[in-house]
Amino acid sequence: MPAKLIDGKKLAEELVSGIKKKAKLMKEQPGLAFVMVGNNPASEVYVGKKERMCKEAGFYSKVVKLPGDVSQDKLLQAVEALNQDPKIHGFIVQLPLPKHISESLILETILPYKDADGFSPVNLGFLFISRNRIIPATPKGVMKLIHSTGVDIEGKHAVILGRSNIVGKPVAQLLLQENATVTICHSKTQNIEEITRQADILVAAIGNPRFVKKEMVKKGAIVIDVGTTKVMDKLMGDVYFEEVKEVAGYLTPVPGGVGPMTVACLLENTLECMELQKKMGV
Ligand code: GUN
């Protein structure tokens, strides 16, 4: 039997509709800002989607665009300005950044309670010790997609392809918190197919189109495709969808799977930032 599709678009719409209701009840309009450096076409598309979703949910949004050759100091100043801006409750700096800028320094400068992406070392540290604060948006979306299947995660073997700080590592941590047995594979992993074939839950986040073939997937597995690579103007995931749908139990499409969930979770994180700020009296 072919895999059941996990409809990320529908799930995201439901999430955004709940966020919209919550936002309406708040004393202040939630504000989310996006910092973009340079003219990365993919970033422009992502930020455009995020802005549209802000409008849909009744958020105030703002884009801070800086040229690709902006100095690190100028970018730090822009981050500081958003840290202090009372209309902005959460913001993100769209990655990747140009090579002359230290990504980690920028992420360290974002106030943890305004860190809508959950990329600051403070929020990642809280995740590491299972005291979750702001959870990175894509990993949060991945977990919601897995939960939507109704399959119990506890005791399952979860295999993650990719070890990035923004997807692979946080997803591993979240699955571990729900008592999965977790394996992270990366570019130096040997016999990767043998490992992926053991996965009850397989999360692919490597940015390598159609890397996961049918032979690599256990029958009935939950397969979450985080990959989004543009190939001849078409968005392509890390999973060979047409093949894998014949063996997987559940599968996310690209587009319409993880992408919309990331955006919805970013809005949810902004509301959580507002709650943290209220608690802290800032
Ligand atoms: N680049 C690719 N994905 C993301 C994301 O979720 N947040 C940011 N800030 N940059 C990204």
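Hey, among the residues in segment 150-167 that are over 19 Å from the mean Cα position of the chain (by Cα) and either assigned to a loop (DSSP other than H, G, I, E, B) or surrounded by 19 or more Cβ atoms within 10 Å (Cβ to Cβ) (or both), which one's farthest from the ligand (Cβ to nearest atom)?
Ranking the candidates gives G155 first.
Here is a check on your reading of the model: is I110 over 17 Å from the mean Cα position of the chain (by Cα), more than 29 Å from E14 (Cα to Cα) and surrounded by fewer than 21 Cβ atoms within 10 Å (Cβ to Cβ)?
Criteria not met by I110.
Here's a check for you: in segment 238-282, which residue that is charged (D, E, K, R) and farther than 17 Å from G31 by Cβ is nearest to the ligand (Cβ to nearest atom)?
Step by step, filter segment 238-282, then rank; the result is D238.
Could you list all residues from segment 217-259 that are among the acidic types (D, E) and in a loop (DSSP other than H, G, I, E, B)?
D233, D238, E246
What number of residues within segment 31-85 are under 28 Å from G256 (Cβ atoms), part of a loop (DSSP other than H, G, I, E, B) and more than 16 Å from the ligand (Cβ to nearest atom)?
2
Only one of E246, E268 is modelled with pLDDT of 95 or more and farther than 30 Å from K20 by Cβ. Can you tell me which?
After applying the criteria, what remains is E246.
Has segment 169-179 got at least one residue that is over 19 Å from the mean Cα position of the chain (by Cα), surrounded by fewer than 16 Cβ atoms within 10 Å (Cβ to Cβ), away from the ligand (no atom under 16 Å from the Cβ) and not acidic (D, E)?
Within segment 169-179, one or more residues are over 19 Å from the mean Cα position of the chain (by Cα), surrounded by fewer than 16 Cβ atoms within 10 Å (Cβ to Cβ), away from the ligand (no atom under 16 Å from the Cβ) and not acidic (D, E).
Out of the residues in segment 86-122 that are aliphatic (A, V, I, L, M) and part of a loop (DSSP other than H, G, I, E, B), which is nearest to A33 (Cα to Cα)?
I88
Would you mind stating whether A221 is under 30 Å from E51 (Cα atoms) and in contact (Cβ under 8 Å) with a residue 12 or more places away in the chain?
So A221 does not fit the description; no.
If the requirement is being more than 26 Å from T189 (Cβ to Cβ), away from the ligand (no atom under 12 Å from the Cβ), at pLDDT 95 or above and in contact with a helix residue (DSSP H, G or I) (Cβ under 8 Å, 6 or more places away or on another chain), which of these qualifies: I134, I92, I129?
From the options I134, I92, I129, the qualifying one is I134.
The values are calculated or read from the model by the stated rules, or taken from the named source; none is laboratory data. What you see is a predicted model, and the numbers here were worked out from it, not measured in a lab. Because the Cβ atoms are built from the backbone with ideal geometry, glycine has one as well, and the counts that use them run over all protein chains shown.
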